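Colleague: Questions regarding the structure given below will be posed in turn.
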Amino acid sequence: MKRLVYLISPDTINQSFYSSLDKVLSFKNVAFFQLRLKNLSQKKLLNISKKIKKITTKHKVKFLINDYYILANKIKADGCHMGQQDGPFKIARKKLKRKIFGITCHNSKLLAMDAIKVKADYVAFGAFFNSRLKPKAKKANIKILKWARRNIKKPIVVIGGINNINYKKLINAGAKYIAISSFIWDNPKLKPEQAVKKFK
């Protein structure tokens, strides 16, 4: 099966999360797992990361940290994802050495080209739909994917309110990976391990 899911963690992580993540990843359609936790101490992040790393390694899923590129090195994560406000990309790229480095580019060709200049390994566009995780996120247009497919030789990740119905048009327009969080972790109808099976 093609791994097209770029899974983002829920906002809070409790004890039951780890067994849930194990079940979700066992379906084998997740390529990346990004730990995105804001306002936590480095010590707590480190402890959570170590537990997650064991699960992602078991399922051959790339483990990425959001923002904290120094932590990515500390816990031997596979890489780091950064937003436009998350600090100096050039320094992050240098510190990450050969690890995976991804950058959020919203709906901007300029930001995407800048990301390529600092040697990002993938670019992320969004939000394409209304997102519960980021309700105030800047909106992206599907035209940017068609442009990126022609002009950027790196994988394209799409984000923002993606569900089992709207994801196919993004893949058809040029996205390689779909970033999902709420549909998996906060789905009122499906358990996480059922929700992930909707993306093939």
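The values are calculated or read from the model by the stated rules, or taken from the named source; none is laboratory data. All values reported here derive from a predicted model rather than from experimental measurement. Please note: Cβ atoms are built from the backbone with ideal geometry, for glycine as well, and neighbour counts cover all protein chains shown. What goes into the accessible areas is simple: the full protein's heavy atoms, side chains included, and nothing from ligands, DNA or RNA. Shrake-Rupley method; radii C 1.70, N 1.55, O 1.52, S 1.80 Å.
Colleague: For region 122-188, which whole percent of the accessible surface, found with a 1.4 angstrom probe, sits on carbon and sulfur atoms?
Modeller: Looking at region 122-188 in its full context, I get 51 percent from C and S.
Colleague: Right, something else. Treating only the Cβ atoms of Lys and Arg (+1) and Asp and Glu (-1) as charged, compute the dipole magnitude of region 51-159 about its Cα centre; round to the nearest 20 debye.
Modeller: The dipole magnitude comes to about 340 debye.
Colleague: Then there's this: Report the convex hull volume per residue for region 102-181, counting only C-alpha atoms, in Å³.
Modeller: 79
Colleague: Identify, among HIS59, LEU46, ILE8, the residue whose Cα sits farthest towards the positive end of the charge dipole of region 1-92, taking +1 on the Cβ of Lys and Arg and -1 on the Cβ of Asp and Glu, with the dipole about the Cα centre.
Modeller: Ranked along the dipole, the leading option is HIS59.
Colleague: How much length is gained on full extension from LYS97 to GLN194, taking 0.36 nm per residue of separation minus their Cα-Cα distance?
Modeller: Taking 0.36 nm per residue and subtracting the Cα distance, the gain is 31.3 nm.
Colleague: Hey, can you find the accessible area per residue of the chain for me, probe 1.4 Å, expressed in square angstrom?
Modeller: Using a 1.4 Å probe on heavy atoms only, each residue of the chain averages 53 Å².
Colleague: I'd like the accessible area for SER182, computed on protein heavy atoms only with a 1.4 Å probe and all protein chains in place. Round to 10 Å², please.
Modeller: 20
Colleague: Given +1 on the Cβ of Lys and Arg, -1 on the Cβ of Asp and Glu, and no further charges, what dipole in debye does the chain carry about its Cα centre, rounded to the nearest 20?
Modeller: 620
Colleague: What does the accessible area of LEU110 come to, in Å² to the nearest 10, when a probe of 1.4 Å is used?
Modeller: In the full protein context, LEU110 sits at about 120 Å².
Colleague: Of LYS154/LYS197; LYS146/LYS176; LYS136/LYS176; LYS95/LYS119, which pairs sit farther than 18 Å apart, going by alpha carbon to alpha carbon?
Modeller: LYS154/LYS197; LYS136/LYS176
Colleague: Rounded to the nearest 500, what is the chain's calculated 222 nm mean residue ellipticity when only DSSP H runs of at least 4 contribute -39500 (n - 2.57) each, over all residues?
Modeller: -10000 deg cm²/dmol
Colleague: Run the simple label-point estimate for THR57 and SER41 please: 7 Å along Cα→C-beta, distance reported in nm.
Modeller: Each label point lies 7 Å from its Cα, and together they span 2.5 nm.
Colleague: Further, regarding this structure: Once you treat every alpha carbon in region 30-161 as an equal point and sum by Debye, what is log10 I(q)/I(0) at q = 0.17 Å⁻¹?
Modeller: -0.93
Colleague: Please report the Cα spread of region 132-171 along all three principal axes, rounded to whole Å, starting with the longest.
Modeller: 30, 21, 16
Colleague: Got a number for carbon plus sulfur as a percent of region 48-89's accessible area, 1.4 Å probe?
Modeller: Reported share for carbon and sulfur atoms: 56 percent.
Colleague: For ARG132, ARG93, write out the residues from largest to smallest accessible area, computed with a 1.4 angstrom probe and no ligands counted.
Modeller: ARG132, ARG93
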